[in-house]
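Taking it in order: structure first as structure tokens, then the write-up.
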Amino acid sequence: MTNETTFKLLVVDDSKLARMAVGKLLSANPGWARAEAANADEAVAAAQREPVHAAVLDFNMPGRDGLQLAAELRGMYPSMPLAIVSANHQVEIVNRALELGALFLSKPMTAEALRQFLDTAEARLGTAQA
Amino acid sequence: MSPSESPILTDLELDALTELVNIGAGRAATSLREMVGAQVILTVPRIALVSRAGAIEILGERENERLVAVHQVFQGEITGRALLIFPDTKSLELVRAVTGGELPLEDIVELEQEALAETGNVILNGCMATIANLLHRSLKISLPEIMRGEGFELFDLQPPPEGGDVVLFLFIDFAVRESDIRGYVAMLMDMPSLIALKALLVEFIERTTGVVERETDAHP
């Protein structure tokens, strides 16, 4: 066990406040550092530029939405843990997230929901590295 | 100098308000989906804080026909009026989309008032109640009322308050089945309500991000 940051979470949301809110929740998880993007283009660029281990994607964004971005990231990184975040939990959106192998998290995100997502991600990443 | 022309809310406060509104719209879309049995697109791509005259001007520039509005009064720490506005010619299309498009025209016409009021109620309540909850305050919201007319008529509800008032203007995209209906939500508030809203946003930002906004130009 180490306190050093091992993993990086990419936080994609067009709202600066929402990114800051996830940042606050993430600070309770010492193994994780954060990268940020305000839209799908920035997110793809960030994922290509630096190693990103998991991503939380706002559904409702100008330009490509979170589900379109999830599909793109899924194509680039087939095993990356992904979560779609939205207050809009219509069955079509939740199902599409599941089809893409992404978790659906309600907005505003809670500390518990993020913790669970990161735990699952760590387990999956640990298995992949082993 | 009009108070509405000064930047009353900081960029981060406006961002927080946009986020609250979008969370509200997301929840409203989920409720509407239950009501209409088909996927509902409801997003708020842009918000603006304008004067009452500014709101009338925006509507005048963008819409050159009669408008229909669902109107509700909200009361609490923040008091004002909320209106869901769209072109009157879209009214029947909206009702048809919401009811599934299988009803004959005479039934749709008969149902129009009721369906408009109910749709407006879900959207306005979704936005207002979510904002109130996330700001840890409660709001009393009146029953919906339908209004028709030009932009200035919709906003001419009472003489403007002495201290002036502001309109939080939300541009919304609303689509159900093949219908794509552009509309607006306008929240009319007086100055004391806007100042109360600003204080609640500061608290909300601190609570959710841990960041305390510095009042660089505040009076001691």
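Summary of values
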| quantity | calculated |
| --- | --- |
| Where residue A:81 falls short, out of the listed (1) closer than 27 Å to residue B:18 by Cα; (2) in contact with a helix residue (DSSP H, G or I) (Cβ under 9 Å, 6 or more places away or on another chain); (3) modelled with pLDDT of 95 or more | (1) |
| Count - residues of region B:13-28 that are free of Cβ contacts under 8 Å to residues at least 40 places away in the same chain and among the aliphatic types (A, V, I, L, M) | 1 |
| Qualifying residues in region B:33-50 (those that are of a type outside the set (A, V, I, L, M) and at pLDDT 90 or above) - the one farthest from residue B:157 (Cα to Cα) | B:39 |
| Residue satisfying condition, being more than 22 Å from residue A:119 (Cα to Cα) and either of a type in the set (Gly, Ala, Ser) or within 12 Å of chain B (Cβ to nearest Cβ) (or both), within set A:70, A:38 | A:38 |
| Residue in region A:102-116 that is under 22 Å from residue A:23 (Cβ atoms), in contact with a Pro (Cβ under 8 Å, 6 or more places away or on another chain), within 14 Å of chain B (Cβ to nearest Cβ) and at pLDDT below 95 present | no |
| Pair list, Cβ under 7 Å, 6 or more apart: region B:102-131 residue closer than 12 Å to residue B:91 by Cα, other residue polar (S, T, N, Q) | B:108/B:99; B:111/B:99; B:112/B:91; B:115/B:99; B:116/B:91 |
| Options B:16, B:25; residue that is at the interface with chain A (Cβ under 9 Å from one of its Cβ atoms), out of contact with any strand residue (DSSP E or B) (no Cβ under 8 Å at 6 or more places or on another chain) and not in a strand (DSSP E or B) | B:16 |
| Number of positions in region B:58-99 that are touching a residue at least 24 places away in the same chain (Cβ under 8 Å) and under 22 Å from residue B:165 (Cβ atoms) | 22 |
| Tally of residues being part of a helix (DSSP H, G or I) and either farther than 17 Å from residue B:174 by Cα or of a type in the set (S, T, N, Q) (or both) across region B:78-106 | 5 |
| Any hit, region B:159-178, residues being of a type in the set (D, E, K, R), under 29 Å from residue B:15 (Cα atoms), within 14 Å of chain A (Cβ to nearest Cβ) and in contact (Cβ under 8 Å) with a residue 12 or more places away in the chain | yes |
| Close pairs from region A:77-90: first free of Cβ contacts under 8 Å to residues at least 12 places away in the same chain, partner of a type in the set (A, V, I, L, M), Cβ under 7 Å, at least 6 apart | A:90/B:29; A:90/B:40 |
| Members of region A:32-78 that are assigned to a loop (DSSP other than H, G, I, E, B) and of a type in the set (A, V, I, L, M) | A:38, A:52, A:61 |
| Pairs with Cβ under 6 Å, 6+ apart, first in region A:12-24 and within 7 Å of chain B (Cβ to nearest Cβ), second assigned to a loop (DSSP other than H, G, I, E, B) | A:24/B:210 |
| Condition broken by residue A:84, with the remaining ones in (1) more than 14 Å from chain B (Cβ to nearest Cβ); (2) in contact with a Gly (Cβ under 7 Å, 6 or more places away or on another chain) satisfied | (1) |
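The values are calculated or read from the model by the stated rules, or taken from the named source; none is laboratory data. Values in this document were obtained by computation on a predicted structure and should not be read as measured data. Virtual Cβ from ideal backbone geometry, glycine too; neighbours counted across all protein chains shown.
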